[in-house]
Amino acid sequence: NADKVWFPADGITKGDVVRYYREIAPFMLPFLADRPLVLTRYPDGIDGKSFFQKDAPEWRPAWMRTVTIRSDDEIESTRRSRLRGGGPLAGGRDLDHFLVDDADGLAWLANLGTIPIHVWASRTPALDRPDWCVVDLDPKEAPFAHVVRIARALRDLCAEIGLPSYPKTTGQKGLHVLVPLGGQLTHAQARTLGELLARTLEAELPDVATTARAIPARGGRVYLDFMQNGRGKTIAAPYAVRPRPGAPVSTPLRWSEVNARLDPARFTIRTVPARARRLAADPLLPVLSEAPDLLAALERLRARSGGAGAPRHSG
């Protein structure tokens, strides 16, 4: 039913979303390759009910690849059992996560009612070694100007300690800043790196930045969320559509675009394909291949912050 309206205020249909994912596939697929996906399905559009889906159904096409992963709940319950002196729990649950290789796969997922697509930071077969660390700048009710200020401060901090960094819109109100890891850290170490970066910024910009998770404790400041690093944690995939009026898209940015004129709402399924074709190179693509000297960067960060602890590096 390609004419089914999914974004009522904009007249954007299911067919429009499917066509968008086919059109953006050449730019989006490098960020999906070999990564477990988590879907959010809106079969009746963004004003209807939605649900998450990790496990691929048995009736999926034969050409759609999957990767089998033990569910996060089972891993955690087994860990707690062992801490109490027990053995591994019986049973367990394996989930077949989708892997998408081509435009047909993207179109098939969209046809299920999928609007946003979320991705792991790691790829099969090295699922315990993430490619990036992410700091999510979540403003809630804070001014977007504060998000821009913090993002640029994070860029400067990373540059000072020798880390590359790459921004993208979340497709909502905030920004993601990704630091490439090159598979040199575990998920736990990536989270620690994200926390060190976030807390450094919080100390330097206490008027606008906070790591407080409880919304009342944020005091109108931008939340620096480092908790999206971890095994099984996901972020909105680059070029993923978000379920908000206007059909905004999580869009890779050049740092030169992160300024007072930046308006994330301009990046939509109607504008992003032409933008992607116009750019000479995808500004986020290096996050997939760069492997910076993390040990040196962590030592510089520790020295800069007065000797605070850093995660153990294991390359």
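With contacts taken as Cα pairs under 8 Å at a separation of at least 6 residues, segment 173-315 carries a relative contact order of 31 percent. Take each peptide in 47-60, 250-263, count the other Cβ atoms within 10 Å of every residue, and average; sorted highest first, the result is 250-263, 47-60. Entry for segment 157-315 at q = 0.09 Å⁻¹: log10 I(q)/I(0) = -0.32, Debye formula applied to identical alpha-carbon scatterers, no solvent contribution. A simple charge model with +1 on the Cβ of Lys and Arg, -1 on the Cβ of Asp and Glu and nothing else charged puts the dipole of segment 100-209 at about 100 debye relative to its Cα centre. Given the options HIS176, LEU109, PRO164, identify the residue whose Cα lies farthest towards the positive end of the charge dipole of segment 101-226 (+1 on Cβ of Lys, Arg; -1 on Cβ of Asp, Glu). The residue sitting most towards the positive pole is HIS176. With runs of 4+ DSSP H residues as the only contributors, calculate the mean residue ellipticity of the chain at 222 nm using -39,500 (n - 2.57) per run, divided by the residue total and rounded to the nearest 500. After summing the helix terms and dividing by residue count, I get -9500 deg cm²/dmol. For segment 33-75, the gyration tensor built on C-alpha atoms gives an oblate shape. Its axis ratio a/c (a ≥ b ≥ c) is at least 1.5, and a/b is not larger than b/c.
Let me spell out the model: positive unit charges on the Cβ of Lys and Arg, negative unit charges on the Cβ of Asp and Glu, origin at the Cα centre of segment 110-168. What dipole size does that give, in debye rounded to 20? It would help to have the intermediate numbers written out before the result.
Details: 7 positive and 7 negative charges, 27 e Å.
The dipole magnitude comes to about 120 debye.
Segment 169-228 and segment 229-282 have Cα centres spaced 19 Å apart.
Pairs exceeding 23 Å between alpha-carbon atoms, taken from LYS54/LYS173; LYS4/LYS168; LYS14/LYS54; LYS173/LYS233; LYS4/LYS49; LYS14/LYS233: LYS54/LYS173; LYS4/LYS168; LYS14/LYS233. Normalised by the number of residues in segment 173-250, the average gap of Cα pairs under 8 Å and 6 or more apart makes the relative contact order 24 percent.
Which shape class, rounded, prolate or oblate, goes with segment 161-222 when its Cα gyration tensor gives a ≥ b ≥ c as root eigenvalues, a/c under 1.5 marks rounded, and past that a/b bigger than b/c marks prolate? Judged from the Cα gyration tensor, segment 161-222 comes out prolate (a/c at least 1.5, a/b above b/c). Sequence-distant contacts, meaning Cα pairs under 8 Å at least 6 residues apart, place the relative contact order of the chain at 21 percent.
Overall, segment 208-281 carries a charge dipole of about 140 debye about its Cα centre when +1 sits on the Cβ of Lys and Arg and -1 on the Cβ of Asp and Glu, all other atoms neutral.
With a 1.4 Å probe and every protein chain left in place, work out the accessible area per residue of segment 90-203 in Å², rounded to a whole number. Could you put the intermediate results ahead of the total?
Values: 3670 Å² over 114 residues.
Per residue, segment 90-203 has 32 Å² of solvent-accessible surface.
Taking a ≥ b ≥ c as the square roots of the eigenvalues of the Cα gyration tensor, segment 106-208 is classed as oblate, since a/c reaches at least 1.5 and a/b does not exceed b/c. Rolling a 1.4 Å probe across all protein chains gives HIS146 an accessible area of roughly 60 Å². Across the accessible surface of the chain, with the other protein chains kept in place and a 1.4 Å probe, carbon and sulfur atoms take up 51 percent.
The values are calculated or read from the model by the stated rules, or taken from the named source; none is laboratory data. Note that the structure is a prediction, hence the values are computed from the model and not measured. In this analysis, Cβ positions are derived from the backbone assuming ideal geometry, glycine residues included, and neighbour counts consider all displayed protein chains. These accessible areas exclude ligands, DNA and RNA; they are computed on the full protein's heavy atoms, side chains included. Shrake-Rupley method; radii C 1.70, N 1.55, O 1.52, S 1.80 Å.
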